[in-house]
Structures are given as C-alpha cells and as structure tokens.
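Shown next, in structure tokens, is the structure this report addresses.
No value in this document is a laboratory result; all are computed from the given coordinates. Computed from a prediction, not measured in an experiment: that's the story for all the values here. Don't worry about glycine lacking a Cβ; one is built from the backbone with ideal geometry, like all the others, and counts go over all protein chains shown.
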Amino acid sequence: MMNNPAMMSTILTSPLHMTSSMVLVFFALSYPIFTSLSPKPLKNDWAISHVKKAVKLAFFISLLPLFLFLNHGTETIMTDWKWMGTDTFDLCISLKFDFFSTIFTPIALFVTWSILEFASWYMHADPNMNRFFKYLLIFLIAMIILVTANNMFQLFLGWEGVGIMSFLLIGWWYGRADANTAALQAVLYNRVGDIGLIFAMAWFATNLNSWDLQQVFTASKDMDLTFPLLGLIIAATGKSAQFGLHPWLPSAMEGPTPVSALLHSSTMVVAGIFLLVRMSPLLENNPTALTTCLCLGALTTLFTATCALTQNDIKKIVAFSTSSQLGLMMVTIGLNQPQLAFLHICTHAFFKAMLFLCSGSIIHSLNDEQDIRKMGGMNHLTPFTSSCLTLGSLALTGTPFLAGFFSKDAIIEALNTSYLNAWALVLTLLATSFTAVYSLRIVFFVSMGNPRFTSLSPINENNPTVINPIKRLAWGSIIAGLLITSNMLPMKTPVMSMPPILKLAALIVTLLGVLTAMELASLTNKQFKTTPNLTAHHFSNMLGFFPAIIHRLTPKLNLILGQTIAAQTVDQTWLEKTGPKAIVSLNEPLIETTNNIQQGMIKTYLSLFFFTLALALLLLLI
Amino acid sequence: MLKILLPTIMLIPMTWLSPAKRLWTTTLAYSLIIALASLAWFNTPTETGWSCMNTYMATDPLSTPLLALTCWLLPLMILASQNHTSSEPVGRQRMYITLLTSLQIFLILAFSATEVTMFYIMFEATLIPTLIIITRWGNQTERLNAGTYFLFYTLAGSLPLLVALLLLQNSTGTLSLLTLQYAPAMELSSYADKFWWAGCLLAFLVKMPLYGAHLWLPKAHVEAPIAGSMILAAVLLKLGGYGMMRMMIVLEPLTKELSYPFIIFALWGVIMTGSICLRQTDLKSLIAYSSVSHMGLVAAGILIQTPWGFTGALILMIAHGLTSSALFCLANTNYERTHSRTMMLARGLQMVLPLMTTWWFIASLANLALPPLPNLMGELMIITSLFNWSWWTLALTGAGTLITAGYSLYMFLMTQRGPLPAHIMAIHPTHSREHLLIVLHLLPLILLILKPELVWGWSA
C-alpha cells in the first residue's frame, strides 16, 4: 500500500484535513454565538436559520474526519498557542482527534441537529426561543470541547461549561420554584464531583507536572494512581449521576423536553463516562479503581432501574432508564472495556434522544400531560410517534439487531466471561431484566389500551419538524449499532466462545423481565390481594427515600452550621463579644467612675481643695 | 511612574475648578485616561523585574497588576457614585471625588514604594480617606460603629508592624525592597523573635482579612457607600496580600512552623464564612462575607510560599477584586431602586431588568470560579499548591468550592429568578451608565483569560 505514491500522499495529508475540518466544526458552531452578540435584535427565525443550520453544517463537516479515520485510521493531536506558562509548567491549547472524539463528534452533532429541529416545534410558543437555541448550542460546544480536549484544563473547561449550561437550561422556566431548585441541585451535585476532578488535577500537577493527556499517560507508568483515579471516579459519579450523586438527574426533568433529550443523549451525563473512557490507559492497571467502578456501576444500574419501575411521569421513567444505562456503562468501565462503554454511549445517544422526543411529542399532544396513567391508546392517535416510542424501548432493552443490542449484548457477554465480582454480575443482570419491565410499562401505558385522557386534546403529530427528527433518530436507533461495530476494531480481544446459556444470558433475562411484567400487568386486573403489599412499591416510588433523607438532612445541617456555629457562636459571640465589645464593657466602669466624679459641683471641689491645701500647709508649718 | 502619579494629583485641582455641570464627565474622562495610561506598565522590557524606577518608586511584576487595578477602579468608582451623590450640593460632590482621588494617590504610592517604611506610611494613610468615606457618606447610623471597627482593627494590627519594621531597619540597616531580599535572614530563636515575626504579618492578616480578624470587613462593606465598598473589596484588601508577599521574602526561610496555624485558620475561615453566606439575607453582607472567604484562600496561597501559591494568590486577588467590585455595583443597582439591601425584597428581577441578569450571571459565575475565568486559574493554583503541602487541605478547599458555588447561585437565583413581587413592578429602568459600569468590570476579567501571564507575578 505504501508503494503507491497517491495513497502515500493521502495518508500524509489526512491529519491536515482532519484537523482543519475539526477546526471548521468549531468555527461553524461558534459563528452564530458571536454574531448574536451584535446589539440588534435577532430575527424570529434565527434559531432555525442560524443555529440549526450551523449544527447541520458542522455535522456534515465532521463526517470528513470520520471517514478519514474509518478509512486510514488517522488519529492526530493538534497543539498550538501557548495559553499560559510558568517556568516549569506550560499549558497549550491542544486538541485530540482520536478514535473517541472522531466518532463521538458526528454522533453528537447528528443527535443535536434532530433535537434542535424538534425544539423549533416544541418551543414555538416561547418568546425566547432564540435564546433557548443559543443555550443549547453553547451546551453542545462545551461538550465538544470536552471530548476533543487533550489536556485536563481544557477538559475541565468543557466539563464546567456543560455543567453551567445545564443550570441555565434546567432552570429555563425560571418563574417556577421547582425548576430553580432542580437547576441548583444539578450544579451542586456536579460540584461535589468537581472536587474529585480538582483533586485529580492537583495530583497530576504536583506529581507529573503536566496536564497534557499523553504526558500524564506516559509519566505515570510506574506510579500508584489509586487516589487520583478515585478522584476521577468521583468526578464521573457526579456528572454521570452514579449512585450517591444521582438525584439531580430525575430532578433535571424540570427542564423543557429538548433539554432533557440533549442532556441525556449526547452531552452532560455521558461526560462522566467519557472522562473515564479518556483516562482508561490509567485505569486499566489499577484493580482497586476498576472494582470501584464495577460495584458503583452495578449498584447504580440496579437502584435506578428499581426506581424506574414505579414512576408515573413518562419523562422520569426515561430519565431513570438513562441513569440505569449510565450505570451499565460504568460497569463496563469496571470490566476494563472502555471501548464497549464508548460504544454504548454512542448507540444510547440515538434511542435515548428519540425516546425523549417521542415523549415530548406525546406530552405536547396531550396538553402537557406527563402522567402515563392518563395516556393510553396512542398507537391509534399518533401512530408514528408511538411506534417510534416502541422502537426506542425495544432498542433500549437490547432487542437483537437494533442499536442497543450491539453494545448491550457485548457488555453482558464481557461481563459473563470475566472473572470479576459475581455480585456485580447478578445486580447488572437483574437491572437488565428491569429494563425490559419498565420499557414494557411505558409502551403498555402509553400506546396500548384505551385512551384515559380528556377528549379535547390537541393531538397532531403531522408536522415535519416532529416527524423528521424522530425519523432520523429512528434510523439511527436501527442501524447505528451495526454501522459502528462493523467499522471499528476492538482494542481488546473479545472472548468469542462461551456456553450458550452465557451467550444468551442478556436475551434470557430480558425475556424473563418481559414475561414477569406481562404477568404483573394481568395480576393488577385480577386483584387477588385485598391489601396490596406496598413497602416495596414505596421504596421504588420514593426513589429509595434517598432525596427525602439527603435533601433535608444535608442542607439543614449546613444551614445550622452557618447560622448557629459560624455566625452566632463564633462571629457574634467569641469574636465580637469577647473582642471589641468586651473592650467596651471592660472600659465602661472605669470611664463611668472617672466621669461620675466630674459633676460640676464647684463648691465641693473648691472646699476639698481648700481643706487639702490648708492641711498641707499646716503639716508643712508644723 | 510620575506620569501616572502627577496626573492623579492634578485630578484634585481639576475637580475643584471644573464647572459643576461637567464635573462628573470631566473627572471620569480624566481618570479613565489615567487608567488607560497605567496599562503601559505591563510593557516591561527589563529582565530584572524592576522597571519604571525613580528614587522612591518602581514597579515589578507583582505590583504592576495591582497598580493597574487601582487606576482602573477610580473611573469605575466615579461612575458608580454619580447617582447617589446627585442630590447633594456640588461642593460635597467635589469633596467626594477628591477623597476618592486621594485614595488612589495613596494606593499608587503604597504599591509602588520601594522602601518598606514608605509602604507602611501609605498603607496607614489609606485609612483616612476610607474612614471619611464610610462615616461621612454611609447611609445608616451604624456607619459610625463600622468606622470605629474598621479603624481600630487595622490600627491595632498595624502598629506592631511599625515596631517590627524599626527593628528590622536596626538589624539590616536598610528597608529597601530592592536589597532586602539579599539581607541575611533574621534568627527566629527566641520568643521575642517570634513576636517580631508575628508583628510583621499581623497588620496584613488583619487587612486581608484573616478569619478571626474579619469582623470589621462586613460592617465596613455594608455601611460604606458604593464607591467605598468597591475600593475596599477591590484594592484595599489586596494591600494586605501585597504586603504579605513583600514581607514573605524577608521572613522566608524559617517561618514554616509558624505559618501552619495561619494556613489552617485561613482555610477554616473559607468554610465558615461560606456557611455564613448561605444564611445571609443582606445582599451586601453576603458579598462581603464571600470576600472574606476568597481572601482566606489568598492568604493560604501566600503563606504556603511556593511559586504557584504566590501566582495563584495574585491572580485570585486581581480576579476577585474585579468580581467583588462588580457584585457590589450590581447590589447597588438594586439598592438604588428598592432602598433596601434585603434580598427578599428584590426578587425575580430578570423579568424587569433582563440585561442586568446577564451581568449578575457572569459575575456570579466569576465568583464561583468557572473556567476559564482567571478566578478559576487562581483558585486552582492555590488549591494545587496547598495540596502539594498536605492532602487534607483538599477537604477544606474542596468543601469551600462547593459552598462558594452554593451561595453564589443562591444569590443569583434569589435576586434574579422566580416570580416578580408586586411591589417592584414599577421599578426604575436601567441606565447605560450602570451597564457600562458592570461591563468595565467584567471586560478586563474576560480579557485576562487570553493573557493570564499579565497577572502572574514573578513566575510568569
């Protein structure tokens, strides 16, 4: 191959094409942001004519590096402009276009393009639609900065960028107290994670003296990386809503549906997993960190799947399913299969975005009704949306040859053939079967049965801005898995041979889940028990009582610390009463004593003066 | 050096001679020209560090950013005070501008002094105009109490410094900053030596302020008029940090064991004052306590005595100076409309003052140190250098960042988001003057992202 000069020159110039087109992507995306800074009011269709078009354009540009990568395997790092530097520590703007960023960028752009188109329908009545689109665009740019970052500082920039944009977007309807609380929750939970990231960055800076990824990877070869890796895992826990720092994700449903779609598919929540994928060269030799990831992921995936079982808000169910899938990705990181985790990020983006768009369309059609108990029979009224909802649910459960299958099945296989923690394995399999249960529950309540909503609902899905985005994502949910898996070389040798029961484990537990769900659904009609057993239901419905305890106790303790200890005890009592005020009260008696003598009683003073003088004279004379 | 100082001094006659109608515009334009000219200090061709020298004054990478910040703040103060002094007779307005100008003169002399004694005198001299600004132009009667606290805390802290400096002069024979770092270090063997060490730093730690000696700050901030709050937060606190960095060179080798308690105290203060912020109902008090919290981080960064610590401290000082000054200006825009500092009374302002919300948002983000703003660079460098000293500091600094995010966003949500209460429906619209004021705070902050070396001090 190398003998062919034409081929040779393509290979030599392809990094150039790659970097320039990736820079073009950034340029295309940031162009609307910069032009919107002009003081003139934006045109009404600015959102469509500029933002959506920019994302669409960027998607097509980003296909070039993707094809270059797929054809030649081009990976490159671009470094220019020394941003800042001390005597020993330099920081350059450096972008990394490797397997992960080259594949993820087009997917993120494609999904966002669809979501933006949908948002133009969903948000059409909002007077600030242009601003909404601008926020979404900045959100996306921050994510792409994160994905292409080649040093920790740039990564942190994107990391915080998505965090703060999610604050704005979740709190979009800022007149509502709930939306503001949810937005604040998202930032605070993420800040807890950020402490982990700051810890890791401080560790890298002090021990490796660099934040450049490749330097970090090479310089840390013989070091014990347990602590910085735990920091990174905490960071991922916060951003990807793993167990312990998960409650912000369902709360984030307060935002408009397009925000949820973007937040859950290709930005924000996958950033945590992406960080660990990015740092996988460090993780792979550290069993402690891997086991932590495995157990954390397994716990998350089961817990959130359990929560999803009894939710009635359609968006909450989808949100918990995201959380559960993120747990699965974390398990995959723990299995030391970062590539599979990345694959699941990619396939998940398509069907999760589609599920949200479908639920958005249905919510809109039913006059902003989100409760699945008040839906039903939608397959007659919105056939396209509800069939896509079903398709998305099927892809989510890992139905063979849909997108989810290629990643999920591979993950479960890798899990089954590994020698790791059997508990984690059991929990993950259980969560997989729960996936089938809650997916069926959505389809059952939304599409099947009879309508349970008010008769005058503005049901209309016949709008190209609804149909087209969902259609594109539906195609993605069908073929993306096949396309990506057939075009990528696995970095680790997968185990190809195993007993049939292990091979089919994912499908078997899913089927068992479906059957159980069907049985449960029929049981509800029969009502054998007069008093249903509610404890388990409450546990799941109340999200494991986690928010009820943590969201009351922690802020309360903090605020008590602030009020009684910091302000009253220390500041007002110890520092002020014993300091300045004590000086005043100590000096006051003295002052008063001396003051009291000076009463202007001139006769007394003079007579005293006279007597003392006389006495003194007398004593002298004698 | 003199090309900035002399025009600043000449600003005083101009204030008194210019016609009343053009008083504010001319002083503003004049001070802005001075501020722009002061940026020339950043262009330092020399390699030795010191430049723009004359007999008593010089600039170096440490003092240049602070000098430029001082010059930058005067036009902003003039811009901010225009509205609330407009009801006063013109003579008092002139007096007010004169006070602000004299403060700038003292500050320039303090930051550029090459002799520690002169620095000390100017350090003390800044108290006089500040005290007058607080006690004469404050709004409530508590201003007198605040003035007393301000004066007595700083004086009680800085008188030992004078004694300590005289002692140093006695042993080294010179107090010139140019040569002081080459003087042999003082032995710190006896208790008296340790008291001398504490005397050298106490004045600055009170000025910063260190947690424990911070009571004067919230009072002074809350009671001062807007210009007073601005200059206090932006520059006067930084005198403490600057002085500490200068003295650190003299105290360098043997102070580790002595400085540890102060570091812990400063970091503990970050948490405690942050928690107080979470419970604040008074907007200006919240911003003041947040200043204490940030300056605690600066104090810790300086006391750790590593290049990164110094750099981080300087960046954070500049960034915090601009940020907190911007926040005070924003608080003042609310105050001028509702005549109350209580946050509950001015909620949901996004509905009526949407552009102000943008400024609130950017300023809050700067306060919680969002990358790539210089606030983050500073905090990250301080956190890293502290982490290098002891891992456990991360528990304090990490919790500090969490709490900072909490109260910054609490402030933002409380003032801007939510429904608009009925009593402020007919609020006065914003002026271009106010927008300009905030932009002039935030613009340097944002531009510093592109070239942070300007404020990196010695290690750039």
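The figures follow:
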quantity	calculated
Cβ-derived FRET efficiency at R0 45 Å, A:Ser607 paired with B:Ser340, nearest 0.05	0.15
Global form of the range A:530-578, assessed from the alpha-carbon gyration tensor, a/c cut-off 1.5	prolate
Three-way shape label, the protein assembly as shown, alpha-carbon gyration tensor, a/c 1.5	prolate
Across A:Lys408/A:Lys503; B:Lys238/B:Lys451; A:Lys43/A:Lys239, pairs whose alpha-carbon gap is larger than 24 Å	A:Lys43/A:Lys239
Virtual spin-label span in nm between A:Lys471 and A:Ser38, 7 Å along Cα→Cβ	3.4 nm
Relative contact order (%) - the range A:365-498, alpha-carbon pairs under 8 angstrom, separation at least six	46 percent
Chain B, helix-only ellipticity at 222 nm - DSSP H runs n ≥ 4, -39,500 (n - 2.57), divided by all residues, nearest 500	-23500 deg cm²/dmol
Rounded tilt (10° steps) of B:432-447 against the dominant C-alpha axis of chain B	40 degrees
Simple spin-label estimate for B:Arg92 and B:His435 in nanometres, 7 Å along Cα-Cβ	3.2 nm
For A:Leu232, net neighbour charge (Lys/Arg +1, Asp/Glu -1) across residues whose Cβ lies under 12 Å away	+1
Residues in the range B:271-304 that a label on A:Gln563 would reach, taking backbone N under 11 Å of a point 7 Å out along Cα→Cβ	B:279-280
Test item: B:305-318 mean partner chain Cβ contacts at 10 Å	1
Residue range of chain A that is longest and free of chymotrypsin sites (Phe, Trp or Tyr not before Pro) which are both DSSP loop and sparsely packed (at most 10 other C-beta within 10 Å)	A:1-418
Among A:Thr612, A:Leu586, A:Ser386 - extreme Cα towards positive end, dipole of the protein assembly as shown, charges at beta-carbon	A:Ser386
Unit charges on C-beta of K, R, D, E only; dipole of the protein assembly as shown, Debye	2180 debye
Pair B:Leu178, A:Val495: separation of 7 Å Cα→Cβ label points (nm)	7.6 nm
The range B:290-312 residues near the modelled B:Ile264 label - backbone nitrogen below 19 Å, point 7 Å along Cα→Cβ	B:296-305
Which of A:Lys503, B:Lys238 has the fewest Cβ neighbours within 10 Å, and the rest in rising order	A:Lys503, B:Lys238
Distance from the range A:284-302 to the range A:517-562 (C-alpha centre basis), Å	26 Å
Chain A: DSSP helices with Cα axial extent of at least 27 Å and average Kyte-Doolittle hydropathy no lower than 1.0	A:5-35, A:53-72, A:99-122, A:129-148, A:287-309, A:314-334, A:338-365, A:422-446, A:505-526, A:602-621
In the range A:529-610, the trypsin sites (Lys or Arg not before Pro) that fall in loop regions by DSSP, at most 12 other Cβ within 10 Å	A:Lys529
Paramagnetic reach from A:Asp45 (point 7 Å along Cα→Cβ, amide N under 20 Å) across the range A:113-141	A:113-134
Ranked list, fewest to most other Cβ atoms within 10 Å of each Cβ, for B:Ile132, B:Ile403	B:Ile132, B:Ile403
Mean Cβ neighbour count within 10 Å, used as a protection proxy, ranking B:23-36, A:485-498 highest first	B:23-36, A:485-498
Taking chain A and dividing mean pair separation by its residue count, relative contact order in percent (alpha carbons under 8 Å, at least six apart)	11 percent
Gap separating the Cα centres of the range A:443-515 and the range A:7-86, nearest whole Å	31 Å
Averaged over B:215-226, number of beta-carbon atoms from partner chains that fall within 10 Å	1
Whole-number percent relative contact order across the range B:261-459, with pairs defined as alpha carbons under 8 Å at least 6 apart	32 percent
Summed side-chain charge close to A:Phe59 - residues other than A:Phe59 whose Cβ falls under 15 Å, Lys, Arg +1, Asp, Glu -1	+3
Gap separating the Cα centres of the range A:320-385 and the range A:131-165, nearest whole Å	23 Å
Extension reserve of the A:Arg373-A:Thr79 stretch, reckoned as 0.36 nm per residue once the Cα distance is removed	100.4 nm
Averaged over A:196-209, number of beta-carbon atoms from partner chains that fall within 10 Å	4
Shape call, the range B:21-178: gyration tensor on alpha carbons, a/c limit 1.5	oblate
Neighbour-count ranking [beta-carbon atoms within 10 angstrom, fewest first] of B:His431, B:His320, A:His50, B:His221	B:His431, A:His50, B:His221, B:His320
